[in-house]
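Data first, discussion second: the structure below is written as structure tokens.
The values are calculated or read from the model by the stated rules, or taken from the named source; none is laboratory data. Model, not experiment: these values are computed from the prediction. Neighbour counts are summed over all protein chains in view; Cβ atoms, including those assigned to glycine, are modelled from backbone coordinates with ideal geometry.
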Amino acid sequence: MERLNFYTASPKAIKAWMALETYLAESSIEKPLAELVRLRSSQLNGCAFCVDMHAADARKDGETERRLYAVSVWRDTPFFTERERAALAWTEQMTGIAQQHPHDADFEALKAHFSAQEMVDLTVLISTINGWNRLAIGFGKMPAL
């Protein structure tokens, strides 16, 4: 049950947060990968609203059901490219940064598949979805039926 509508409670804060989304929509990270990253981070954080939204957005953009179902077990499937694997590993490391700092091996894999700008853009993307997850979870935003 929604505790607070954060959009109406602080429109200026949400406007600032949306500016990040505007940048990310035009950033160096391709949209299909961005949706996988958003989905994986939201799964790790347990954000039902964001998992539902980003799975639906990815599906609308042509992502396959098979890959969507496998995002949570991406390491154990052959469905993802090396670039996607590097991004998903980095997503897991950055989302769980309070428990463990990123491994050198994950950074090296990231560096092998992403430019310096892409690494920053990816990390901003991960930081942004983690923020949305905290807003949605903290204030009880739920997926629509």
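Things worth noting here:
Table: residues versus (1) part of a loop (DSSP other than H, G, I, E, B); (2) surrounded by fewer than 17 Cβ atoms within 10 Å (Cβ to Cβ).
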| position | (1), (2) |
| --- | --- |
| Arg66 | no, yes |
| Ala70 | no, yes |
| Trp74 | no, no |
| Ala86 | no, no |
| Pro102 | yes, yes |
| Val120 | no, yes |
| Ile126 | no, no |
| Ile129 | no, no |
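Residue-by-condition table, conditions (1) over 30 Å from Tyr7 (Cα atoms); (2) out of contact with any helix residue (DSSP H, G or I) (no Cβ under 8 Å at 6 or more places or on another chain); (3) not aromatic (Phe, Trp, Tyr):
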site	(1), (2), (3)
Val71	no, no, yes
Glu82	yes, no, yes
Glu92	no, no, yes
Pro102	yes, no, yes
Ser115	yes, yes, yes
Met119	no, no, yes
Ala136	no, no, yes
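- Looking only at the stretch 40-68, and only at residues there that are among the charged types (D, E, K, R) and closer than 14 Å to Asn133 by Cβ, the one that is farthest from the chain's Cα centre (by Cα): Asp52
- Leading residue by the ranking (nearest to the chain's Cα centre (by Cα)) among those in the stretch 136-145 that are surrounded by fewer than 19 Cβ atoms within 10 Å (Cβ to Cβ) and at pLDDT 95 or above: Ile137
- Within the stretch 1-24, the set of residues being of a type in the set (Gly, Ala, Ser), within 17 Å of Ser127 (Cα to Cα) and surrounded by 12 or more Cβ atoms within 10 Å (Cβ to Cβ) comprises just one member, Ala13.
- Among the residues of the stretch 88-100, the one identified as out of contact with any His (no Cβ under 8 Å at 6 or more places or on another chain), surrounded by 14 or more Cβ atoms within 10 Å (Cβ to Cβ) and free of Cβ contacts under 8 Å to residues at least 24 places away in the same chain is Ala89.
- Single residue of the stretch 30-64 satisfying the filter (out of contact with any Ser or Thr (no Cβ under 6 Å at 6 or more places or on another chain), aliphatic (A, V, I, L, M) and touching a residue at least 40 places away in the same chain (Cβ under 8 Å)) that is surrounded by the fewest Cβ atoms within 10 Å (Cβ to Cβ): Ala48
- Within the stretch 1-12, residues that are free of Cβ contacts under 8 Å to residues at least 40 places away in the same chain have Cβ atoms under 8 Å from residues that are surrounded by 10 or more Cβ atoms within 10 Å (Cβ to Cβ) and aromatic (Phe, Trp, Tyr) in no pair, counting only partners at least 6 apart in sequence or on another chain.
- Residue within the stretch 30-39 that is over 13 Å from the mean Cα position of the chain (by Cα), modelled with pLDDT of 95 or more and within 18 Å of Leu125 (Cβ to Cβ) present: no
- Criterion violated by Ser27 - all others in (1) surrounded by 18 or more Cβ atoms within 10 Å (Cβ to Cβ); (2) under 21 Å from Phe79 (Cβ atoms); (3) among the small types (Gly, Ala, Ser) satisfied: (2)
- Qualifying residue in the stretch 101-122 (condition: at pLDDT 95 or above, among the polar types (S, T, N, Q) and under 20 Å from Cys50 (Cβ atoms)): no
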